[in-house]
Amino acid sequence: QDVMDIEVKPKPSRPHWYERHVQPCMAELLGSALFIFIGCLSVVEDSGNTGRLQPALAHGLALGVTVAVLGDI
């Protein structure tokens with residue numbers, strides 16, 4: 001009787017090749033492009049006395065947005 005009560009769990013299926021290979025590469029490409037683009041735009045129009053603060057904040061915010069948006073991948 002005890003042997004019959006054991007529940008057999010099916011093996012989890014492997015993710016599709018797209019989810020394993022293409023999706024992470026696209027997320028990396030999009031994240032890097034956004035990070036570089038925002039960083040370069042922050043230096044184009046320097047407002048004077050901001051010095052190193054403006055590019056640092058722009059990169060930090062771009063990285064935070066990228067992680068928040070693409071973190072599930």
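The values are calculated or read from the model by the stated rules, or taken from the named source; none is laboratory data. Since the structure is predicted, the reported quantities are computational estimates derived from the model, not experimental observations. For neighbour counting, all protein chains shown are included, and Cβ atoms are generated from backbone atoms with ideal geometry for every residue, glycine included. Accessible surface areas use protein heavy atoms only, side chains included; no ligands, DNA or RNA. Shrake-Rupley method; radii C 1.70, N 1.55, O 1.52, S 1.80 Å.
The residue that is modelled with the highest pLDDT, among those in the range 1-34 that are open to solvent by less than 100 Å² (accessible area, probe 1.4 Å) and under 25 Å from residue 60 (Cβ atoms), is 25. Among the residues of the range 23-36, the one identified as in contact (Cβ under 8 Å) with a residue 12 or more places away in the chain and more than 14 Å from residue 69 (Cβ to Cβ) is 24.
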